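Comments concern the structure below.
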Amino acid sequence: MNLSTRVAIVTGSGQGIGREIALALAEHGASVVISDINATSASTVAAEIVANNGKSIAVTANVTAQEEVARLAEQTISAFGQIDILVNNAGITRDTLLMRMSGADWDQVLTTNLKGAFLCTQAVVRHMIKQRWGRIINIASVVGLIGNAGQANYAAAKAGLIGLTKTTAREFAAREVTANAVAPGFIDTEMTRKLSDNAKQEFLRQIPLGYPGTSRDVANAVCFLASEEARYITGHVLNVDGGMVMS
Ligand SMILES: NC(=O)c1ccc[n+]([C@@H]2O[C@H](COP(=O)([O-])OP(=O)(O)OC[C@H]3O[C@@H](n4cnc5c(N)ncnc54)[C@H](O)[C@@H]3O)[C@@H](O)[C@H]2O)c1
């Protein structure tokens with residue numbers, strides 16, 4: 001997979017899965033814009049890519065703020081001249097049982113995980129349409145397919161993201177812009193290290209392969225969907241979950 005002519009934006013790539021996606025895209029030759037709400041972590045990842053002879057800049061942006069997302073697209077164009085790949089990865093959790101969930105917890109998760117992806121897609125897709133090539137990859141979750149007690153807001157946002165992916169795929173297919181979702185299962189990151197031992201054991205019990213995935217497992221799937229080789233795949237949800245959800 002040669003991505004050396006491609007320019008990618010990865011949201012939430014200051015750490016975790018997003019960081020690994022950015023590093024993997026850069027290893028395949030892409031120029032990568034590291035975007036995160038956290039300026040320090042974004043700069044660190046961009047510097048890491050540059051130190052390995054890759055091309056990268058950091059842009060601090062909150063995906064929920066339309067003007068910041070517009071600036072992200074503008075800075076990408078002025079640095080690299082085009083936008084070919086968008087990975088909507090920024091996401092948060094505010095877990096609690098539905099009976100106890102506040103409206104603020106609901107709104108924050110829906111706004112970051114779902115509206116953020118909508119705003120980023122809208123800001124970059126016009127560039128993809130003009131050049132008649134684009135890849136939009138949304139990081140969903142298996143929780144968006146099967147639900148999860150304690151994650152009503154997160155599961156609803158991720159299910160919504162799958163609907164957004166399929167609609168984006170239909171609206172822009174005629175312009176050779178594909179849209180796909182990657183649905184990770186239980187991946188070893190900061191997000192999952194916060195879970196109780198009981199919750200971790202419960203997840204592991206449901207995974208036929210018997211162990212958690214790594215951020216690199218998710219990144220490999222993203223690189224494939226971003227490549228020329230995946231040109232005939234659109235509107236698809238690719239589970240990276242050790243067999244946890246089979247449909
Ligand atoms: N870890 C898992 O097991 C798992 C499983 C399924 C899906 N996912 C999804 O993968 C994605 C990455 O998860 P992770 O585990 O790496 O999480 P993480 O918390 O380690 O990293 C998330 C990154 O997003 C950034 N971010 C948060 N809000 C933002 C905003 N408003 N604007 C811009 N950046 C923002 C954070 O600063 C952070 O760098 C998320 O969408 C998550 O829902 C994770």
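Worth pointing out:
- Semi-axis lengths (Å, descending) of the ellipsoid that matches the C-alpha gyration tensor of the chain: 27, 19, 19
- Qualifying GluC sites (Glu not before Pro) for segment 158-233 [loop in DSSP, other Cβ within 10 Å: at most 15]: Glu176
- With Cα atoms, 0 to 90° folded angle of helix 215-226 axis to the chain main axis: 50
- Lys, Arg +1 and Asp, Glu -1 on Cβ, resulting dipole of the chain about Cα centre, debye, nearest 20: 440
- Label-to-label distance for Arg193 and Ala173 is 4.2 nm, based on points extended 7 Å past Cα in the beta-carbon direction.
- R0 of 41 Å, Cβ-Cβ distance Ala47-Met99: FRET efficiency to nearest 0.05: 0.35
- Total lysine pairs under 26 Å (Cα atoms) in the chain, excluding pairs fewer than 8 apart on one chain: 9
- More than 16 angstrom apart: percent of Cα pairs within segment 1-101: 53
- Of the trypsin sites (Lys or Arg not before Pro) found in segment 81-148, those in coil by DSSP whose Cβ has at most 15 other Cβ atoms within 10 Å are Arg132.
Every read-out reported here was derived from the displayed coordinates using simple, explicitly stated rules and does not represent laboratory data. Being a predicted model, the structure only gives us computed values, none of them experimental. Note that each Cβ is placed from the backbone with ideal geometry, even for glycine, and that neighbours are counted across all protein chains shown.
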